[in-house]
Amino acid sequence: MAGYLPPELIDQIRDSNDIVDLISEYVPLKKRGKNFVGLCPFHSEKDPSFNVSPDKQTFYCFGCGEGGNVFSFLMKHEKLSFPEAVKLLAKRANIPLPKESFDKKREEQLDKLYYANQVANQYFLKNLYREVPGAKARRYLKRRGFDAETLKLFSIGYAPPEWEGLINHARMKGIEPKILSQAGLTVPRTEASGFYDRFRDRITFPIFNLSGKIVGFGGRVLNDKDEPKYLNSPETPIYQKGKLLYGLNLSKDEVRKKRSAILVEGYIDLISLYQAGIRNVVASSGTAFTQSQARLLSRYAEKIFLFFDADSAGQSATFRSVDLLFSEGLEVLVVSLEQGGDPDSFVRESGPEAVRERIKNAKPYIDFRYESLEQDFGQLSITEQEMVLSDLAETAGKITEEIRKSLFIKKIAQRFKVDEGIIFKLVSKTSKKISGGVKTIPPPITSSGEEKVERGILRILMEDGRLVKKIAGGLSTEDFSTAEHREIFQLILAGGRVSPANLLNRTDNEKTKELIVQIANIDLGSAELFAQLKDHLAALHRLKKNRRMKELKEEIQRSLQIGDRETADRLTKEFEKLKKA
């Protein structure tokens, strides 16, 4: 961060974003007692060990040890820097930030790319409604059945066939071709200097992020004989294809409301369904479906309907998507179409009710897989049968919930008429292969008896920082046995709010942060806090006394062994004094 944000503004941003509300957008949570629990988004697990505390405004996973507050959750989950997390949460809470607080150079660069896309979109929109050359583009869109409201909603435009049309338009707006190139809108010439427009003689579909900003474009030819049929923006600093879903900026509320999403492949498939009133629809954005997109869907939905073209490419897309969706805990069903059909054609020819009926009768993935075989399973060769079952076993292995996994395996056995035990063995074999490359979970931080008592003291002081004054002189930084405990105690002594969420913002030591979250999750019970604190202090002094007495015994023994009677007598007097204390 180039500038400075006052601590009170950081506190305001943090306090204005409830951690349960924030994390619920990414992880399905269930209330358990005072806290909320779910499956950890930072490592693969079958049983929920991820805890979110509304009281402390912290999260902690007892499986992998990840923990923190709203800032650290976003930083870990979205791979953001602290300034980026602050900015996002400030925007989420409608809190204005002083612009000079952030890296101006980077901010200005990103703003230039967003502006370039905005100007490009205005250019494409203008050209769609020009008499020449927009007339043929409007005729094409009319044939596809898109009405004026839909064109406006999706901001559909037209890139004319000119080689430098956008470049010249953008230059009048103060945008240089180099910026257009960085935004993916122009391409460097290979045989000469300069650039040319990437999108030419194509219908344009702007791609919006969840904040409603244009980050890229898709372009479709008017004549299906031209190649490539679709052309997409390359990856840029503001556009990572595998992390976005086309149309989600419009459909996310409906997806969340229905807890289900219809996943299609293309821009036009999505727009046709949306225009027909089927609003919980999303599309992969110019790329094969990715794990990040599956994870993004799991924030909003529990069930996914795969609605792909009824051809070999659509079938392959289904097979590729399934494992990714199952691994994110989603239920997967497949919407069937007649051979050669696609969602756009089907909704235009048969109407929205027919689509809803197909969705209602969507098939579980196992049934779809069985029916997609070129011949009856029993007629396949043994090798082919083994390949099919191994493929399904691998999918089963991606399912994180044990009950759902067992039911899935049982369904495979029933549908393919094979012994259930065979599938379990295949799943086990597949899981072992996969686990070889899985990152091992670090062991939880262990502690001695002394360290446990120290953490109990810190936990009580986190709960009520005013108790520090009540123990003045009874506890010092030197009483703590580890550097991290001493740092946490010093942070508490520094004054101000001592909530776990606040303390996390006041240290850059990752181990200290991890300990703060671990300590924050210690259950204090219902006993009066000051009484607990006095008990902990007494226990700490007793443990320290016992440790020192043990050390003295060992030192006395060593002194006697080397004949140092004077030192042995001095240490013995110290030992007796401690014993009587």
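Per-residue Karplus couplings for region 358-363, computed as 6.51 cos²θ - 1.76 cosθ + 1.60 with θ equal to phi - 60°, are listed in order as 5, 5, 4, 9, 4, 9 Hz, Gly and Pro entered as x. In a DSSP loop and with at most 11 other Cβ atoms within 10 Å, the GluC sites (Glu not before Pro) in region 293-356 are GLU338. For region 520-557, the residues whose backbone nitrogen is under 18 Å from a point 7 Å from the Cα of ARG570, taken along Cα to Cβ, are 549, 551-557. Distances between placed amide hydrogens fall under 5 Å for THR186 paired with SER181, ARG198, all partners being 5 or more residues away or on another chain. Farthest towards the positive end of the charge dipole of region 137-207, among the residues ASN168, TYR196, PRO206, is the Cα of PRO206, using unit charges on the Cβ of Lys, Arg, Asp and Glu.
Of the beta bridges in the chain, as assigned by DSSP with both residues counted there, near 75 percent are antiparallel.
Each residue of region 165-170 was assigned a 3J(HN,Hα) from its phi angle through the Karplus curve 6.51 cos²θ - 1.76 cosθ + 1.60 (θ = phi - 60°); the sequence is x, 5, 4, 5, 5, 5 Hz, with glycine and proline shown as x. Extension gain, ALA93 to ARG130: 0.36 nm times the residue separation minus the Cα-Cα distance gives 9.2 nm. Here is the short version for the chain: CYS64 have no other Cys C-beta closer than 4.7 Å. As a calculated quantity, the FRET efficiency between ARG144 and ARG547 at R0 = 56 Å, using C-beta atoms, amounts to about 0.10. Amide H contacts of ILE262: VAL281, VAL282, PHE305, each under 5 Å away and 5 or more positions distant or on a separate chain (H built 1.01 Å from N in the peptide plane; Pro and chain starts excluded). Annotation: peptides 510-518, 206-214, 543-551, ranked by per-residue average of other Cβ atoms within 10 Å with the highest first, follow the order 510-518, 206-214, 543-551. Phi angles of region 529-542 translate, via the Karplus equation with coefficients 6.51, -1.76, 1.60 and θ = phi - 60°, into HN-Hα couplings of 5, 5, 5, 4, 5, 4, 5, 5, 5, 4, 5, 5, 5, 5 Hz per residue; Gly and Pro are given as x. Using just its DSSP H runs of length 4 or more, each adding -39500 (n - 2.57), the chain gives a mean residue ellipticity at 222 nm of -16000 deg cm²/dmol after division by all residues. Between region 393-433 and region 548-577, the C-alpha centres lie 66 angstrom from each other. A simple charge model with +1 on the Cβ of Lys and Arg, -1 on the Cβ of Asp and Glu and nothing else charged puts the dipole of region 374-435 at about 340 debye relative to its Cα centre. Ordering of 135-143, 391-399 by packing is 391-399, 135-143, highest average first (other Cβ atoms within 10 Å, averaged per residue). Take the Cβ atoms of ASP18 and GLN557, set R0 to 35 Å, and the FRET efficiency comes out at 0.05. When peptides 417-423, 257-263 are sorted by average Cβ neighbour count within 10 Å, with the highest value leading, the order is 257-263, 417-423. In plain terms, the C-alpha convex hull of region 374-435 casts an average shadow of 4.2 nm² when viewed from every direction. Projecting the Cα atoms of GLN57, PRO98, PRO41 onto the charge dipole of region 7-101 (Cβ charges, centred on the Cα centre) puts PRO41 farthest toward the positive pole. Net charge dipole, region 443-581: roughly 460 debye, given to the nearest 20, about the Cα centre with Cβ charges of +1 for Lys and Arg and -1 for Asp and Glu. Charge dipole (Cα centre; +1 on Lys/Arg Cβ, -1 on Asp/Glu Cβ; no other charges) of the chain amounts to roughly 1060 debye.
Amide H contacts under 5 Å for SER336: LYS363, restricted to partners 5 or more places along the chain or on a different chain, H placed in the peptide plane at 1.01 Å from N. Which one of LEU571, ASN127, PRO6 is farthest out on the positive end of the charge dipole of the chain, using unit charges on Cβ (Lys, Arg +1; Asp, Glu -1) and the Cα centre as origin? The Cα lying farthest towards the positive end belongs to LEU571. If R0 is taken as 41 Å, the Cβ-Cβ distance between LEU493 and LYS258 corresponds to a FRET efficiency of 0.20.
The numbers here are math on the coordinates, done by the rules we state, and not lab data. Just so it is clear, the model here is predicted, and its values are computed rather than measured. Ideal geometry is used to build each Cβ from the backbone, glycine not excepted, and the neighbour counts take in all protein chains shown.
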